[in-house]
Amino acid sequence: MDEKILEKIISNSIQIGVINTLNRLGLVDENMSAQQAYKTYGKRQVEEWRRKRWIVGYPTGNSTRAKYYFKRSELETASRMLDIHNVIPGTVMHRIMESNFKSQLENEKRKASQNVPTKL
């Protein structure tokens, strides 16, 4: 991989970690209203991430104020992952995603085989 690409990946990973740390320390509010998310990341971008299921809209319970909110950590992760995806060539990203998917399937099969009840 090119050195610049690797540098971009590491930089974005650090930024995701910083935001997650700030959220856990309570220095940054975890919840972000839909309006704030649209203003920060762009409405079209947020809606695309929802369609791809990268982020989830959580109901507020008070539909007069806002119908749903987003978690800042999910938005930041989606934003940084999009940056990484734009840096890495499509073929490389496809191989990474395929290998990740295969390893997830293998883990699920392994867990399923361990949880098979035996008849006594």
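Overview of values
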{"read-out": "Hits in segment 1-33 (condition: surrounded by 15 or more Cβ atoms within 10 Å (Cβ to Cβ) and basic (K, R))", "value": "K8"}
{"read-out": "Odd one out for I10, checked against (1) out of contact with any Asp or Glu (no Cβ under 8 Å at 6 or more places or on another chain); (2) among the β-branched types (V, I, T); (3) closer than 30 Å to R95 by Cα; (4) not in a helix (DSSP H, G or I)", "value": "(4)"}
{"read-out": "Selection from segment 27-60 of residues that are among the β-branched types (V, I, T), part of a loop (DSSP other than H, G, I, E, B) and more than 14 Å from the chain's Cα centre (by Cα)", "value": "V28, T60"}
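No lab work stands behind these numbers, since they all come straight from the coordinates. Treat the numbers as computed from the prediction; the structure is a model and nothing was measured. Note that each Cβ is placed from the backbone with ideal geometry, even for glycine, and that neighbours are counted across all protein chains shown.
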